[in-house]
Amino acid sequence: MKEQVLVSQLSECFPEHSFHSNKVSVLHKGRFANAIVYRYKDDSFDFVIKDFQHSPWFVRRTFARLFIGQEYKALERLNGMSGVSDQFHRLSNISIAYSFIEGTPLRSLKKQNKKLPKSFFHQLEHRVSEMHRRGLVHLDLRNLGNILVGEDGQPYIIDFQSAITFSRFPNWLKRIMRGADLSGVYKAWLTGCEQPMTAYKKEFLMNYNQLRKRWIFRGYPMHRAYLWLCGIASQLPGADLFRNMIDKL
């Protein structure tokens, strides 16, 4: 039933094409407030589809719409940039499709103890910097499953559900956000490169890791929620008081 709904939504986006539910496969079984991740592949299209049909109604009405909206806006902002999906379509308020990128996650290579050339990480760093120049932070690049080695050997970034724009945030928070992304790059570089990382980058990673240890909010989901709430609160009356309280934690 869920696959048929997705096929119907794809047909609305591409009315000239005939989609079939037997071309849909599950990549990741989401639960509760996590999307189910599908892949649709035929001779013409190869899409990743994130969908929240299975979630409770209150998740579909709130978090699901927020997550799908965030990912769509992020891909829209990065449109034309190398290293991200080049097609994206909002199928509904709770589902999104974007082009599938064939590649191997750095997390898998790390488990296999495989190394990559320095040029890969230089390119990854440049692409993250380009993302920042476009006013967007990913906030989940320390999860090495979100960085792929493409079939062409180039770095690709996926899963922009946590990504946000940061232009209106205070400078102290902008630095933390951009640092979160760069620390993910350098974390991957330190463990997955054939050659050692420069002293400056090692020091940056070490300092950021020390900062993370001091935070009362631990773990990736809480980490992202913390940054998100800090950013929202910074735009409200009493932001300075909120920031001072956080600084003392």
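Give just the number: which of (1) basic (Lys, Arg); (2) open to solvent by 70 Å² or more (accessible area, probe 1.4 Å); (3) touching a residue at least 24 places away in the same chain (Cβ under 8 Å) does LYS29 not satisfy?
(3)
Determine whether region 187-208 contains at least one residue that is at pLDDT below 90 and exposed (fewer than 12 other Cβ atoms within 10 Å of the Cβ). Give the steps one after another, and end with the answer.
Step one: of region 187-208, the residues at pLDDT below 90 are none.
No, region 187-208 has no match at all.
Could you list, in sequence order, the residues of region 152-171 that are surrounded by fewer than 17 Cβ atoms within 10 Å (Cβ to Cβ) and either part of a strand (DSSP E or B) or at pLDDT below 95 (or both)?
Residues satisfying the conditions are THR165, SER167, ARG168, PRO170, ASN171.
Of the residues ARG107, ARG77, ARG90, which single one is of a type in the set (Lys, Arg), surrounded by 14 or more Cβ atoms within 10 Å (Cβ to Cβ), within 14 Å of the chain's Cα centre (by Cα) and modelled with pLDDT of 95 or more?
None of the others qualify; the one that does is ARG77.
So which residues in region 33-50 are in contact (Cβ under 8 Å) with a residue 24 or more places away in the chain and under 16 Å from the mean Cα position of the chain (by Cα), if there are any at all?
Answer for region 33-50, where residues must be in contact (Cβ under 8 Å) with a residue 24 or more places away in the chain and under 16 Å from the mean Cα position of the chain (by Cα): ALA35, ILE36, VAL48, ILE49, LYS50.
Tell me yes or no: at least one residue of region 40-53 is open to solvent by less than 20 Å² (accessible area, probe 1.4 Å) and of a type in the set (Gly, Ala, Ser).
Checked against the condition, which is being open to solvent by less than 20 Å² (accessible area, probe 1.4 Å) and of a type in the set (Gly, Ala, Ser), region 40-53 yields no hits at all.
The values are calculated or read from the model by the stated rules, or taken from the named source; none is laboratory data. What you are looking at is a predicted structure, and each value in this text was computed from that prediction instead of being measured. Counting neighbours? That spans all protein chains shown, and the Cβs are built from the backbone with ideal geometry, glycine included. For accessibility, only protein heavy atoms count, side chains too; no ligands or nucleic acids. Shrake-Rupley method; radii C 1.70, N 1.55, O 1.52, S 1.80 Å.
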